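So the structure is just underneath, and the comments pick up after that.
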Amino acid sequence: MLQSPTIQDGGAANGSRNARLLQFDIEPGLATRGQVIAEHLYTLTLNGTALTNRHTPVSEVLAVNHNTFLVLERDGLGLGVGTNTRPSFKRVVLASTTGASNIAGGAFDLAPGSPGQANLPLGSAPAGVAPLARQDFVDLIDPAQLVKFNLNISTNQDQNTISEKWEALGLIPLQDPSRPDDFFLLVGNDNDFKASVVVHNGVAVGTNDVSVDNMLLAYRVTLPGYGTTLPSTTPPEVAWKLPATPAKVSVAGQLIGIVGATTVDLRQISSPGSIGINTNLPAAIQPVVDALQGPTPTSGAPATPIRPPPFPSRTEEASVTPLEVCSLPAAASRSSSRPRPIPALAKRTARSASSTSRTPTASTTASPS
């Protein structure tokens, strides 16, 4: 997705709103692999910064599935800009290509100045072209939510004033059996190296009057129909069997004993869970080595299984510091001035609302003009 309208479609600072989303074929073996197979319009709001972009540029896109996306739109205001103007628009938007027109290869997709080429209008989509359906999902500058993060949008800025550039999205399934459609939505910012002293390879290379912290905001959201299948909570049964005789391999007439072990630093390179780690590796391996050095059992004689000393029992419990989860406000009914809704798409989680409802709801904020 383009951050802003193309130059021929108006560029910045003049009310242009039509950005573009392109879909590429990445299926191996197809003749269209690597080519654009669809191109759609995405309509931005006009809540940007008048001196730069009147529209709100797209900072990040996250695909929920093949036709549904989370789009992060924001203005250019906040801590780190150098002005005390209050931010007006920083939101995560749900967008869907379902029903959107494909303009790939058409007049709007030709090089400027070529025969038959047409520019997109500055305002709404051209007649007969349906843009992506969009619905406001999470308002990052909602004061009722910001207070839960101890942040503010005050014109009297301090270190807790929300920063300008929010440019990262991530979804983490909660894997809650009672609410399989719930996710943590993580929204991250870019501080543009705005530290009091910027250090590179141990050398101070710059200074800033205002420091901006890197942050992740976490929201609990519900995306009906997009939950993942939860893995089984029953531990798998592992079947294994020691060899009937010591593990010896003949190589060029020599018998070589094979002993398996792992590093005592296993927890630094992997996640063994509650498996015990015996740090006295020589003591654990020596009985096996001694057995391998003994006589090879004769044919038909019973063999004594080789067993290292048992590992000490060690169960570790993870300690998790709970973070305050933002329950977004209960939604109001959609006004007639809203962009066309996305049917059966998603809803924001509000703990005060009924947990059994899966009907999508709209944002309580007014739609852009």
Completion exercise
When Val138 is run through (1) farther than 30 Å from Phe108 by Cβ; (2) touching a Ser or Thr at 6+ places or on another chain (Cβ under 9 Å); (3) in a loop (DSSP other than H, G, I, E, B); (4) not polar (S, T, N, Q), the failure sits at (3)
Exercise for the section: Answer yes or no as to whether Ser114 is over 24 Å from the mean Cα position of the chain (by Cα), modelled with pLDDT of 90 or more and under 30 Å from Ser211 (Cβ atoms). Expected result: no
Practice task
Looking only at the range 157-168, decide whether some residue is at pLDDT below 90 and surrounded by 10 or more Cβ atoms within 10 Å (Cβ to Cβ).
Solution key: no
Exercise for the section: Could you check, for the range 100-116, whether at least one of its residues is small (Gly, Ala, Ser), under 27 Å from Phe184 (Cα atoms) and open to solvent by less than 50 Å² (accessible area, probe 1.4 Å)? Expected result: no
Problem - Matching option when the condition is assigned to a strand (DSSP E or B) and touching a Gly at 6+ places or on another chain (Cβ under 9 Å), among Phe184, Phe193 - result: Phe184
Problem - Test: residue in the range 235-244 that is modelled with pLDDT under 90, assigned to a loop (DSSP other than H, G, I, E, B) and among the basic types (Lys, Arg) - result: yes
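Of everything in the range 176-213 that's closer than 25 Å to Val61 by Cβ and among the hydrophobic types (A, V, I, L, M, F, W, C), which residue is most open to solvent (accessible area, probe 1.4 Å)?
Going through the range 176-213, the residues closer than 25 Å to Val61 by Cβ turn out to be 180-194, 212-213.
Filter once more, so that each one left must be among the hydrophobic types (A, V, I, L, M, F, W, C): 183-187, 193, 212.
Details: Phe183: 13, Phe184: 67, Leu185: 0, Leu186: 45, Val187: 0, Phe193: 155, Val212: 10 Å².
Restricting to residues being closer than 25 Å to Val61 by Cβ and among the hydrophobic types (A, V, I, L, M, F, W, C), the top hit is Phe193.
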Exercise for the section: Residue by residue through the range 135-148, note down the ones that are more than 18 Å from Leu77 (Cβ to Cβ), open to solvent by 20 Å² or more (accessible area, probe 1.4 Å) and not β-branched (Val, Ile, Thr). Expected result: Ala144, Lys148
Exercise for the section: Sort through Ser114, Ser88 and tell me the only one that's of a type in the set (Ser, Thr, Tyr) and free of Cβ contacts under 8 Å to residues at least 24 places away in the same chain. Expected result: Ser114
Handout entry: Failed item, numbered, when Ala133 is tested on (1) small (Gly, Ala, Ser); (2) over 22 Å from the mean Cα position of the chain (by Cα); (3) under 14 Å from Leu44 (Cα atoms)
Key = (2)
Exercise for the section: Spot the failing condition for Asp75; the list is (1) closer than 12 Å to Leu132 by Cβ; (2) charged (D, E, K, R); (3) crowded, with 21+ Cβ neighbours inside 10 Å, and only one is missed. Expected result: (1)
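The values are calculated or read from the model by the stated rules, or taken from the named source; none is laboratory data. Remember, it's a predicted structure, so these values are computed and weren't measured experimentally. Quick reminder, even Gly has a Cβ in these numbers, built from the backbone with ideal geometry, and neighbours come from all protein chains shown. All accessible areas refer to the heavy atoms of the entire protein, side chains included, with ligands and DNA or RNA removed. Shrake-Rupley method; radii C 1.70, N 1.55, O 1.52, S 1.80 Å.
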